[in-house]
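Please read through the structure below; I'll follow up with questions.
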Amino acid sequence: MKKVYKKNSGYAILELLFYIAIFVVLTLVLINVMLSMAKSFKETSLQTEWVQSGTIMERISREIRQAYDIGSISTSDIVLNTKDSNGNNKTVEFVLSGTDLQLLENGVLTGNLNTPNIAVGALNFTQITTTTGKAVKVLLTIKSKNDVFSRNQNFYDTIVLRGTYK
């Protein structure tokens with residue numbers, strides 16, 4: 001009688017290990033790509049918050065430039081004497097309250113200039129008086145509450161009051 005050998009049609013253990021290894025490598029590459037994308041997105045979001053925070057400095061600069069006099073000034077508070085669109089006297093005040101920069105018009109709080117995810121770390125006003133007019137040097141430091149590295153962004157400007165031109 002003749003022996004009949006059956007051919008085994010299943011996977012060998014080496015083939016199975018090879019396919020598992022390829023699957024693991026591809027999975028690790030995919031996870032790494034996804035983590036990199038998430039990190040890039042978060043960094044882009046932080047940069048966007050900082051750029052948007054530049055509008056705070058623009059608002060302060062515009063109000064100082066339009067003022068004709070400084071009512072009072074301290075390191076973290078300034079009261080500007082200005083006029084509204086109808087020519088009536090008006091006061092504009094910037095106050096650092098905790099980590100929020102508040103805007104008051106005629107003594108009435110109009111709101112915070114910073115968004116809830118932005119903390120104002122420092123606000124410094126320095127008056128400069130010359131024979132030809134007045135100016136204000138402003139330092140604004142902000143920090144995103146979403147930044148795990150707690151980085152600060154500084155904004156500087158020196159603004160001449162338009163009402164003091166001679």
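How many angstrom lie between the C-alpha centres of the range 44-104 and the range 116-140?
The distance from the Cα centre of the range 44-104 to that of the range 116-140 comes to 9 Å.
Moving to a separate point now. Pick from I78, I31, I22 the residue whose mean-square fluctuation is largest in a GNM of the chain, springs joining Cα atoms under 10 Å.
Taking springs between Cα atoms under 10 Å, the residue moving most is I22.
Just for the chain, what percent of DSSP beta bridges are antiparallel, to the closest 5?
So the antiparallel bridges amount to about 100 percent of the total.
Nearest 0.05, what FRET efficiency do S74 and L16 give at R0 = 45 Å with Cβ-Cβ as r?
After rounding, the FRET efficiency stands at 0.05.
While we're here: What Kirkwood radius, in Å to one decimal, follows from the Cα pairs of the chain?
After inverting the pairwise mean of 1/r, the radius is 20.2 Å.
A further question on this structure: Per DSSP H run of n ≥ 4, the term is -39500 (n - 2.57); total these for the chain, divide by its residue number, and report the mean residue ellipticity at 222 nm rounded to 500 deg cm²/dmol.
-12000 deg cm²/dmol
In degrees, nearest 10, range 0 to 90: what is the angle between the Cα axis of helix 13-66 and the longest Cα principal axis of the chain?
Roughly 10 degrees between the two axes.
Can you tell me, using C-alpha contacts under 8 Å and at least 6 residues apart, the relative contact order of the chain as a whole percent?
Relative contact order comes out at 17 percent.
In addition: Going by how many other beta carbons lie within 10 Å of each one, how would you line up R151, R59, fewest first?
So the residues, fewest neighbours to most, are R151, R59.
Read the figures in this text as sums done on the coordinates, not as results from a lab. Note that the structure is a prediction, hence the values are computed from the model and not measured. Ideal geometry is used to build each Cβ from the backbone, glycine not excepted, and the neighbour counts take in all protein chains shown.
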